[in-house]
Amino acid sequence: MTAPLLEVRGVSRRFPGVLALDGVSLQLAPGEVLAVIGENGAGKSTLMKILAGVQQADEGEVLLEGRPVRFGSVREAQQNGIALIHQELNLADNLSVGANIFLGSEPHRIGLIDFRAIEQRSAALLQRVGLQVSPRTLVHRLSPGRQQLVEIAKALSLDARVLIMDEPTSSLSQAETERLYEVIRELSAAGVAVIYISHRLGEVKELAHRVTVLRDGKNAGELAKDEIRHDAMVRLMVGRDVVVEPREAPGLPTEPRLRVRNLVSPEYPEHKVSFEVFAGEIVGLAGLVGAGRTELLHTLFGVTPALGGSIELEGQALAIRHPLDAIRAGMALAPEDRKGQGLVLEMAIRENASLAAVRRDQRWGLLDFAAERALAKEAITRLNVRTPNDRKVVRLLSGGNQQKVVLGKWLALSPKLLLLDEPTRGIDVGAKQEIYRIMRALAEEGVAILFVSSEMEEVLQLSDRALVMHEGRISGALDRRHLTEEAVMALATGARHPEGVPA
Amino acid sequence: MKKTLGILSLLIAICAFTAWQNPDFLNAYNLQNTIRWTALYGIISIGVSFVIITGGIDLSIGSVVGLVGATLALLLSVKGWSVPAALFACVGLSLAIGLAHGLLITKLRLQPFVVTLCGLLLYRGAARFITGDQSLGFGSNFEGLRAFATGSVPLFGGFNLPYPFLIMACIAIVAAVLLNLTVFGRYLLALGRNEEAARFSGIRTDNVIIAAYVFCSLLAGLGGILFALDVNSVQPAGFGEFYELYAIAAAVLGGCSLRGGEGSILGVIIGAAVMRVLYNAINILGIPTHLEFAVIGAVILAGVIADELVKRLIARRNAPA
């Protein structure tokens with residue numbers, strides 16, 4: 001390996017009650033793409049924050065081109081050529097692309113912003129990241145993927161030599177992800193070193209020259225390019241082998257639990273959607289981001305009521321105008337936007353878990369606190385929510401535990417049909433397996449499950465049957481035997497698959 | 001409970017300081033008056049706290065007080081309506097106003113600030129129009145009705161507990177039960193923090209929000225009736241002016257967050273008491289009355305700053321990482 005551009009030696013960082021980083025080391029060569037992976041809480045974010053000057057290390061040192069550095073602020077790190085791109089986009093979406101790129105470091109002449117310089121310099125940067133938009137375009141008009149590229153252009157405007165990306169693809173479509181890969185490869189070829197943090201191991205395989213794995217704040221191991229395999233990464237991350245046994249396909253009853261006929265959702269008024277889900281069945285709803293899967297779940301659940309068509313649950317035709325109608329009929333939805341739509345973050349586990357059930361458990365409008373406590377306790381034990389008690393505010397829980405609270409809220413109502421939208425997004429490997437086990441246990445109990453996932457492996461592993469959506473329509477259904485990555489991708493991208501059976 | 005300790009200590013501190021500077025503060029007459037007015041302000045403050053908990057605001061309270069007060073005086077003294085009919089009309093008017101606010105805010109998705117700001121102007125104008133901008137009162141009639149606002153229960157040592165305090169206490173108990181022990185209250189707190197998550201959990205958020213605005217206007221209207229009966233002279237241009245701001249200030253002092261989802265009825269009442277005691281202190285301590293607003297504003301600001309600092313201190317001590 002060439003002389004390291006950046007070296008981390010034995011860095012530790014302590015927070016009250018937790019040792020977030022415990023003597024972590026890593027090296028980064030110019031032009032290298034280093035993937036840093038690990039479960040949530042493994043210390044990835046803390047390490048990146050130290051590198052980017054957001055936080056400071058308690059012990060250990062960081063060397064940039066062999067000389068020790070210590071960044072007191074983000075600005076200092078940036079001046080030394082280290083830029084961090086956060087998982088959440090940090091753009092002012094009411095401003096133009098150019099204004100965002102130079103936000104905080106606007107070129108100026110006699111105290112006024114030099115718009116011409118902004119435009120010229122941003123145009124060059126945009127070209128470098130391969131984004132073909134005018135610097136005057138307002139950011140809110142861009143897709144999340146393109147906004148991500150603006151963030152990268154912004155980092156490049158600082159002459160970054162080390163670019164740290166934290167889960168950059170979590171909101172990108174397939175095409176945008178591909179574009180991002182290209183940009184990263186070009187940057188790497190130009191000598192920019194990239195630290196890439198991701199939960200998506202497929203991406204890591206695709207991009208990384210080397211992988212560093214963190215576990216419990218320590219280095220858990222390293223994989224060279226030719227050692228980067230899915231099972232090897234998972235083993236280092238969780239410290240053991242993880243196997244998901246294939247599930248026996250359930251024997252299905254003749255009558256479907258859910259029957260949807262010619263459903264028209266407001267987002268795609270030109271398409272009619274028809275499909276069925278049986279009791280005890282886990283059906284994956286695959287497709288590219290923006291294919292209309294979330295919109296379909298929202299229409300089923302009454303968030304955006306249908307414009308036409310019929311929804312039948314156990315043979316009963318339903319008129320669903322509001323989530324309450326869907327809930328009363330026996331449906332439940334764990335939404336994709338867990339923090340925005342699934343949970344009241346500032347409320348305790350107990351109140352979140354009981355939010356849907358308090359209506360049922362009331363006595364003359366009064367809350368039944370005993371029932372509420374019992375319900376929260378049941379959710380915590382049954383779903384294995386890691387918390388000292390049910391008074392903990394859900395904002396403080398990890399993503400996996402938050403998702404369990406959402407599930408707990410619905411299981412309290414014993415739903416007949418469970419709709420899950422990206423059930424494991426942003427959740428670490430261990431908790432993912434738990435969510436899978438919960439889904440399977442529910443299916444065994446006879447719950448019909450329809451889940452949306454953008455993770456191919458999840459669809460392949462979990463689905464008894466998969467429906468694939470493309471531009472607002474269901475382009476095909478694949479049963480267990482025909483369920484392969486190629487088949488799903490062909491249907492998702494709009495190519496007709498010979499083995500696709502009608503939905 | 002913990003949340004109200006701060007504001008309670010502020011109240012005690014102001015009372016102690018005032019009593020120390022001027023013992024007249026503690027005489028029965030002064031105390032009774034302060035309690036009476038605390039109760040009247042407390043009633044409208046409880047109303048607005050429900051709206052604030054939804055994350056909304058009601059700027060029209062003062063004008064509703066003015067319009068309902070003027071309507072009551074007009075119907076009883078000029079139009080010669082019977083007492084039950086006039087009260088019924090006033091309550092109906094308040095309900096209609098609250099319902100209109102709620103519908104505009106939920107169904108048309110207008111901003112609460114805008115809707116109730118327009119209400120502030122509209123009801124003030126209406127009050128001046130229906131009365132011909134003339135002051136109205138009850139003279140020496142309707143003594144029985146006026147007793148609800150002016151009467152009191154004799155207690156020990158020449159001290160009388162004003163009726164409005166009892167009315168407020170009943171309302172406060174109902175409000176506290178509603179907020180803390182009912183499904184409605186739970187929904188209110190949940191949607192105040194995250195309306196979308198509440199809707200996704202099957203809560204008919206529109207209905208809950210409408211109910212909060214109706215409750216707020218109803219209590220503003222009740223406040224209007226009691227204020228009118230108490231002062232016995234409703235001057236339509238100024239009666240109730242700025243009361244919305246006192247009510248909002250009391251709610252915020254009492255622990256309501258304008259971001260929604262938080263509030264304590266006891267805190268709000270103590271907040272209303274702080275406002276009234278401050279006002280009283282300015283009068284009896286001989287502070288120039290021109291400074292009245294400045295002093296009240298400064299004390300509220302100091303209280304809010306202290307509250308925020310304490311919150312941060314607690315948060316830092318409880319921080320997980």
Filtering trypsin sites (Lys or Arg not before Pro) in the stretch A:1-84 by DSSP loop and by at most 16 other Cβ atoms within 10 Å leaves A:Arg70
Scalar couplings 3J(HN,Hα) for the stretch B:208-219 by Karplus 6.51 cos²θ - 1.76 cosθ + 1.60 (θ = phi - 60°), nearest whole Hz, x for Gly and Pro, are 5, 5, 4, 4, 5, 5, 5, 4, 4, 5, 4, 5
For A:Ile164, the residues 5 or more places away or on another chain with a placed amide H closer than 5 Å to its own amide H are A:Ala83, A:Leu84, A:Ile85, A:Ile195
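Taking the highest mean first, how do the peptides A:31-37, A:100-106, B:270-276 order by number of other beta carbon atoms within 10 angstrom per residue? Walk me through the numbers on the way to the answer.
Values: A:31-37: 23.3, A:100-106: 17.6, B:270-276: 26.0.
For the peptides A:31-37, A:100-106, B:270-276, the packing ranking is B:270-276, A:31-37, A:100-106.
Give the relative contact order (percent, whole number) for the stretch A:91-159; include only Cα pairs under 8 Å separated by 6+ residues. All intermediate terms of the calculation are to be shown ahead of the outcome.
Numbers: 79 pairs, mean separation 30.2, N = 69.
Over the stretch A:91-159, the number comes to 44 percent.
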Dipole check, the protein assembly as shown, charges on Cβ (K,R +1; D,E -1), about Cα centroid: among B:Ile287, B:Pro23, B:Ala251 the Cα furthest to the positive pole belongs to B:Pro23
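Tell me, B:Cys118, B:Cys256, B:Cys90 in order of fewest to most beta-carbon neighbours within 10 Å?
With the sparsest Cβ surroundings first, the list reads B:Cys118, B:Cys90, B:Cys256.
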Scaled by the rule-of-thumb 2.2 N^0.38 Å, the alpha carbon Rg for the protein assembly as shown gives a ratio of 1.12
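Eigenvalues of the Cα gyration tensor times 5, then square-rooted: what semi-axes does that give for the stretch B:7-107, in whole angstrom, largest first?
Values: eigenvalues 226, 103, 14 Å².
Values for the stretch B:7-107, descending: 34, 23, 8 Å.
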With +1 on the Cβ of every Lys and Arg and -1 on the Cβ of every Asp and Glu, the dipole magnitude of the protein assembly as shown about its Cα centre, in debye rounded to the nearest 20, is 1240
Any residue on another chain or 5+ positions along whose placed amide H is under 5 Å from the amide H of A:Asp58 is listed here as A:Ser12, A:Arg13, A:Arg14
Here the stretch A:410-419 yields Karplus 3J(HN,Hα) values (6.51, -1.76, 1.60; θ = phi - 60°; whole Hz; Gly and Pro given as x) of 7, 5, 4, 9, 6, x, 8, 10, 10, 9
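Could you work out the relative contact order of chain B? I mean the mean sequence separation of Cα pairs under 8 Å and 6+ apart, divided by the number of residues, in percent. Can you show the working numbers first?
On the way: 522 pairs, mean separation 113.2, N = 321.
It rounds to 35 percent for chain B.
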Over chain A, the sum of -39500 (n - 2.57) across DSSP H runs of at least four, divided by residue number and rounded to 500 deg cm²/dmol, gives at 222 nm -9500 deg cm²/dmol
So the angle from the long Cα axis of helix A:369-383 to the longest Cα principal axis of chain A, reported in degrees to the nearest 10, equals 70
Residue by residue through the stretch B:272-285, the couplings from Karplus 6.51 cos²θ - 1.76 cosθ + 1.60 with θ = phi - 60°, in Hz, x for Gly and Pro, are 5, 5, 4, 4, 5, 5, 4, 4, 4, 4, 4, 5, 7, 8
Residues A:Ser73, B:Ser152 in order from fewest to most other beta-carbon atoms within 10 Å are A:Ser73, B:Ser152
Going from the fewest other Cβ atoms within 10 Å to the most, one would list B:Arg193, A:Arg293 as B:Arg193, A:Arg293
The farthest towards the positive end of the charge dipole of the protein assembly as shown, of the residues A:Ala155, A:Asn401, B:Gly125, given +1 on Cβ of Lys and Arg and -1 on Cβ of Asp and Glu, is B:Gly125
Partner aspartates and glutamates whose C-alpha sits under 15 Å from that of A:Lys377, ignoring same-chain residues fewer than 8 away, are A:Glu351, A:Asp368, A:Asp390
For the pair A:His230 and A:Glu182, the simple spin-label estimate (label points 7 Å beyond Cα toward Cβ) gives in nm 2.7
Computed over chain A, the relative contact order (Cα-Cα under 8 Å, seq sep at least six) in percent reads 14
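With the cut-off at 34 Å, report for the stretch B:34-278 the share of all Cα pairs above it, as a whole percent.
Numbers: 4185 of 29890 pairs.
That tail contains 14 percent of the Cα-Cα pairs.
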Flagged as over-length at 22 Å C-alpha distance, from A:Lys339/A:Lys404; A:Lys49/A:Lys392; A:Lys339/A:Lys409, the pairs are A:Lys49/A:Lys392
Long-range amide H partners of A:Leu285, meaning residues 5 or more apart or on another chain whose placed amide H is closer than 5 Å, are A:Phe451, A:Val452, A:Ser453, A:Leu467
Inter-chain shielding metric for A:320-332, i.e. average beta-carbon neighbours from other chains within 10 angstrom, reads 2
With the charge dipole of the protein assembly as shown built from beta-carbon charges (+1 for Lys and Arg, -1 for Asp and Glu) about the Cα centre, the Cα from A:Gly130, A:Leu460, B:Gly271 projecting farthest to the positive end belongs to B:Gly271
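Every read-out reported here was derived from the displayed coordinates using simple, explicitly stated rules and does not represent laboratory data. Given the structure is predicted, the values throughout are model-derived calculations rather than measurements. Reconstructed Cβ throughout: ideal geometry from the backbone, glycine too, with neighbour counts over all protein chains shown.
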